[in-house]
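Asker: Sending over a structure as structure tokens; questions will come in a sec.
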Amino acid sequence: MALNRTVVGAHYGVRGWLVQRLSAVVMGVTMLFFVLALLAARPGDYAAWKGLFSQGWVRVAALLFFLSLFSHAWVGMRDILMDYVKPTGVRLGLQLAVILALVAGAVWATSIVWRA
Amino acid sequence: MTDIAVKKKRPIWFNLNLLNLPLAARVSILHRVSGALLFVLAFWLLYLLDGSLASAERYDNVRQIVAHPLAKLILFVVLWAFLHHFFAGIRYLLLDLHVGIERGQAKSTSVAVFVVSLALTVLLGGWLLWR
């Protein structure tokens, strides 16, 4: 009986690889725009700083930046833990801790950006 | 017989000491070190951003925090980690596109990553933190 099995893997690695690169590009572009906005506005006090973050495009860019940041950090931390932490239980525990921290960070960052 | 004898004499010891690594490997391991540092310190930076946008009082408080010498030192480390990670990351994106994969080019882009990230760390750090 012929089994139709794929022998080239499930491509989980490719997904992480792609997320890492796309998120890097998104962060690079959003940071470039943010630095240009900073240089143009030169916010020197609270009102100006808050004013910068209350602009619609800055909010969208900041949100895109943070979501990319936390996806990027997940792939990177996952790779580091996979390479250096050999006992499965310890590794899974640390990966869980990283996931919780990143999800909490993403929620926190979103609330900061949308409240401003 | 002689083949086996020759094979057994082959050195199977690699010196993986950080200081003896090729330049590209040092860029690589420091990419990991800087990435892990940024992961940890991102939460402190998020705390500072949160405070700076919360209210005028907390904005002033954040300015006091980042004026502390210890905070400046940590921010200096953040700046180095970011710049190294940023420029080494651009190098990896280019390598993925098969730009600079020749041995000589790969070495000179490694040198460029170190020179640009360290120089910008000193210049931007001096300008932003100890002006």
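Asker: B:A56 to B:L73: extension gain in nm, 0.36 nm per residue of separation minus the Cα-Cα distance?
Answerer: 3.6 nm
Asker: OK, next. Evaluate the charge dipole of segment A:14-115 about its Cα centre and quote only its size in Debye, nearest 20, assuming +1 on the Cβ of each Lys and Arg and -1 on the Cβ of each Asp and Glu.
Answerer: Magnitude of the dipole: close to 120 debye.
Asker: With every protein chain present, what accessible area does B:W44 have (1.4 Å probe, heavy atoms only), rounded to the nearest 10 Å²?
Answerer: 60 Å²
Asker: Averaged over its residues, how many other protein chain Cβ atoms are within 10 Å of peptide B:57-63's Cβ atoms?
Answerer: 2
Asker: Report the calculated FRET efficiency for A:D83 and B:R131 (r = Cβ-Cβ distance, R0 = 51 Å), to the nearest 0.05.
Answerer: 0.80
Asker: Could you tell me how many cubic angstrom of Cα convex hull volume segment A:14-115 has per residue?
Answerer: 110 Å³
Asker: Show me, for segment B:80-86, the HN-Hα J-couplings you get by feeding each phi into the Karplus relation (A = 6.51, B = -1.76, C = 1.60, θ = phi - 60°), rounded to Hz, glycine and proline as x.
Answerer: 4, 4, 5, 5, 4, 4, 5
Asker: To continue, here is another question. Roughly speaking, to the nearest percent, how much of the protein assembly as shown's 1.4 Å accessible area is carbon and sulfur?
Answerer: Result for the protein assembly as shown: 72 percent of the exposed heavy-atom area is carbon or sulfur.
Asker: Give the A-B buried accessible area in Å², both sides summed, 1.4 Å probe, nearest 100.
Answerer: Roughly 2200 Å² of accessible surface disappears when A and B pair.
Asker: Something else about it: Can you give the mean number of other chain Cβ atoms that lie within 10 Å of the Cβ atoms in peptide B:35-45?
Answerer: 4
Asker: At 1.4 Å probe radius, can you tell me the per residue accessible area of chain A in Å²?
Answerer: That works out to 63 Å² per residue.
Asker: Show log10 I(q)/I(0) for the protein assembly as shown at q = 0.07, 0.09, 0.16 Å⁻¹, two decimals, from a solvent-free Debye sum over equal Cα scatterers.
Answerer: The calculated log intensity ratios at q = 0.07, 0.09, 0.16 Å⁻¹ are -0.32, -0.51, -1.38.
Asker: For chain A, what relative contact order do you get, as a whole percent, if you take Cα pairs closer than 8 Å and at least 6 residues apart?
Answerer: Relative contact order comes out at 32 percent.
Asker: Tell me what chain B gives for mean residue ellipticity at 222 nm when only DSSP H runs of n ≥ 4 count, each as -39,500 (n - 2.57), the sum divided by the residue total, rounded to 500 deg cm²/dmol.
Answerer: The helix contribution divided over chain B gives -28500 deg cm²/dmol.
Asker: Let me ask something else. Taking the alpha-carbon set of chain B, what are its Rg and Dmax in Å?
Answerer: According to the Cα coordinates of chain B, Rg and Dmax are 21.2, 82 Å.
Asker: Moving on. Within 10 Å of each Cβ of B:46-53, how many other protein chain Cβ atoms are there on average?
Answerer: Mean number of neighbouring Cβ atoms from other chains: 5.
The values are calculated or read from the model by the stated rules, or taken from the named source; none is laboratory data. Bear in mind that the values here come from a model prediction, so they are computed numbers and not experimental data. For neighbour counting, all protein chains shown are included, and Cβ atoms are generated from backbone atoms with ideal geometry for every residue, glycine included. The area values use the complete protein model at the heavy-atom level, side chains included, leaving out ligands, DNA and RNA. Shrake-Rupley method; radii C 1.70, N 1.55, O 1.52, S 1.80 Å.
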